[in-house]
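Below: the structure, in structure tokens.
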Amino acid sequence: MKKLLVLLIAVVFGGQMYGQTYNTFEPSKTQFMIRGYGHTGFEYMDSGDETESTFLGLAYAPIFLYKHSDRLMFEAELEFVLEGNQLETGLEYADVMYVLNKNITARAGKFLLPFGTFMERLHPAWINRLPNAPLGYGHDGIAPSSGIGVELRGAFDLGGPTLNYSVYATNGPRLNDGSDEPEEAGMLRFENYEDTNLAKAYGGRLGLLPFSDSSTEIGFSAYSTSDTGEQDSEYEDVGAFLFALDFSFVKQISGLGGVIDVKAQYNNSNVDTATYFELEDDILEEYSFDNQSNSFYGQLSYRPTMASSDFVKKLEFVGRYSDFNAPEGAEWEEKSVQYAFGLNYWLSWRSVIKLSYQTTETEGGHDGDGLTNTDGLFVHWAIGF
Amino acid sequence: MKTIHKIVVGVIVMTIVGITAVACSSTKKGYTDVPDTATAAAEEEFKIEKSGAQMWGETCNRCHIAPSPADYNDTDWETISLHMRVRANLTEKESNKILEFLKSAN
């Protein structure tokens, strides 16, 4: 019996001692990590005829990072949003990337498109200085946000200045020919998960940081496709060319006692002219229009990081102008101008409470032909993790 | 639009070829120069390079407020650095030096 007890003790404690001796708890080569962000808030909107106020359910966007090696990684971002009494889910991106050498990285899958910088770098709620995107982005926007395909990207150190680039091929956009949604005939839809024709969209962005302190970046993006319509349809050969110009300046300026952050982007969309149909008094009438759209935003923010008060240091003042012009003659013809002002309080580098007032003047659009003024008050709380 | 599309495709193809040629070309010198040791040491001493801390402040702040090094451990920072290198199109040097700084300061 005594021998058996000694044997059991030796097995139990011996195993633990062995484990403690030889398990060095070194990190494994492969790593899995969940990051992401969430935001919630309150909105009050007044458009003259209609007034609404609502607390917003939390939007949650987990980001999954799997580092297979120092060169190979998988990344994906999901999005969960409570909207219209329903839980909406989305796959923002999911791609595999491989660092080929110090200047070239290859990506494949669904990735955020480097069309300007807003959608690729600045749209997450804990990064965006205002509670929503400028005009021209989102559901009815003209700037593509993501695509399915392959991409090469990288950067070159020019001995002070830096040059970064990306070139890609994706499924490309799908032209809304008006058969299902006549009020949106001529619009490009970028959520083209299964290609409807043989043509691909090709594009890229070239960014230059001319100064060694990396404070300034100017970028040019282009996105082009020869076909946007469904294969074998009369719209198949309708091509599209989009371009964007972006600018960024971020610098701590002692004379101003804080950090100045300037961001701007101009988007231009040019789609081949085509003939669409509309039902007017039970008669099918054909029409066409010059399918050109553009949008612009310019944003200035200031953080008094050199203030003596801890409270003041965490404040940020923001102002943004944005406009959006949809083609004249289209069912979705629109001219909108928006001014947004905000006061932010940074709880930490990745958590911010945003108070914002926005006023938008819209002529045309989905809401009708007249002029609409919409004022909005937003209180949002965003956190990155 | 067809002409513009052809031009865009042509520019992209030339960009890919050019970048591949530059990125894959050797950075080694065609011949080996042998500087005297004192000169080489002096050159090294006077070479002014940005520190990882400076790059962390300048580069991260381009999009978001620079993160606190203490918020993640070394292993996490390695994963995040690779993710950010690609997402923000950073150079290898920027990414490595920022990672070194974050690991040393957390």
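The values are calculated or read from the model by the stated rules, or taken from the named source; none is laboratory data. These figures come from a predicted structure and were not determined experimentally. Please note: Cβ atoms are built from the backbone with ideal geometry, for glycine as well, and neighbour counts cover all protein chains shown. SASA here: full protein model, heavy atoms, side chains in, ligands and nucleic acids out. Shrake-Rupley method; radii C 1.70, N 1.55, O 1.52, S 1.80 Å.
Criterion first (outside any loop (DSSP other than H, G, I, E, B), more than 28 Å from A:Phe115 (Cα to Cα) and open to solvent by less than 70 Å² (accessible area, probe 1.4 Å)) does A:Asp375 satisfy it?
On the way: outside any loop (DSSP other than H, G, I, E, B): yes; more than 28 Å from A:Phe115 (Cα to Cα): yes; open to solvent by less than 70 Å² (accessible area, probe 1.4 Å): yes.
Criteria met by A:Asp375.
The requirement of being in contact with a Pro (Cβ under 6 Å, 6 or more places away or on another chain) and in a strand (DSSP E or B) is satisfied by A:Glu278. Restricted to segment B:88-106, and to residues there that are within 7 Å of chain A (Cβ to nearest Cβ) and either among the β-branched types (Val, Ile, Thr) or not in a loop (DSSP other than H, G, I, E, B) (or both), the residue that is least open to solvent (accessible area, probe 1.4 Å) is B:Thr91. Out of segment A:88-101, which residues are surrounded by 11 or more Cβ atoms within 10 Å (Cβ to Cβ) and closer than 24 Å to A:Ile383 by Cβ? Of everything in segment A:88-101, those that are surrounded by 11 or more Cβ atoms within 10 Å (Cβ to Cβ) and closer than 24 Å to A:Ile383 by Cβ turn out to be A:Glu88, A:Gly90, A:Leu91, A:Glu92, A:Tyr93, A:Ala94.
Here A:Ser295, A:Ser269, A:Ser288 are screened, and the one residue that is open to solvent by less than 80 Å² (accessible area, probe 1.4 Å), within 14 Å of another protein chain (Cβ to nearest Cβ) and either closer than 13 Å to A:Ala185 by Cα or not aromatic (Phe, Trp, Tyr) (or both) is A:Ser269. Among the conditions (1) without any contact (Cβ under 8 Å) to a residue 40 or more places away in the chain; (2) on the phi < 0 side of the Ramachandran plot; (3) within 14 Å of another protein chain (Cβ to nearest Cβ); (4) surrounded by 14 or more Cβ atoms within 10 Å (Cβ to Cβ), A:Gly109 misses just one, which is (2). In summary, A:Ser348 fulfils each of the numbered conditions (1) touching a strand residue (DSSP E or B) at 6+ places or on another chain (Cβ under 7 Å); (2) within 14 Å of chain B (Cβ to nearest Cβ); (3) open to solvent by 30 Å² or more (accessible area, probe 1.4 Å) with the single exception of condition (1). Checked against (1) under 18 Å from the mean Cα position of the chain (by Cα); (2) facing chain A (nearest Cβ under 8 Å); (3) open to solvent by 20 Å² or more (accessible area, probe 1.4 Å), B:His83 passes all but condition (3).
Kindly indicate the residue of segment A:30-70 that is over 29 Å from A:Arg121 (Cβ atoms) and part of a loop (DSSP other than H, G, I, E, B) and also least open to solvent (accessible area, probe 1.4 Å) among those meeting that condition. Ranking the candidates gives A:Ser47 first. A:Glu230 fulfils the conditions (1) within 12 Å of chain B (Cβ to nearest Cβ); (2) open to solvent by 80 Å² or more (accessible area, probe 1.4 Å); (3) touching an Asp or Glu at 6+ places or on another chain (Cβ under 9 Å) except for a single criterion, (1).
Among the conditions (1) assigned to a strand (DSSP E or B); (2) in contact (Cβ under 8 Å) with a residue 12 or more places away in the chain, A:Ala330 misses just one, which is (1). Being more than 19 Å from A:Tyr44 (Cα to Cα), polar (S, T, N, Q), touching a strand residue (DSSP E or B) at 6+ places or on another chain (Cβ under 9 Å) and at pLDDT below 95, is that true of even one residue in segment A:311-323? No, segment A:311-323 contains no residue that is more than 19 Å from A:Tyr44 (Cα to Cα), polar (S, T, N, Q), touching a strand residue (DSSP E or B) at 6+ places or on another chain (Cβ under 9 Å) and at pLDDT below 95. Taking the condition touching a Lys or Arg at 6+ places or on another chain (Cβ under 7 Å), at the interface with chain B (Cβ under 9 Å from one of its Cβ atoms) and either assigned to a loop (DSSP other than H, G, I, E, B) or open to solvent by 20 Å² or more (accessible area, probe 1.4 Å) (or both), does A:Pro114 pass? Yes; evaluated as a whole, the condition is true for this residue. Would you call A:Gly207 crowded, with 20+ Cβ neighbours inside 10 Å, modelled with pLDDT of 95 or more and not basic (Lys, Arg)? The answer is yes for A:Gly207. Filtered by the rule that a residue be open to solvent by 50 Å² or more (accessible area, probe 1.4 Å) and in a strand (DSSP E or B), segment A:137-151 gives A:Ile148, A:Val150.
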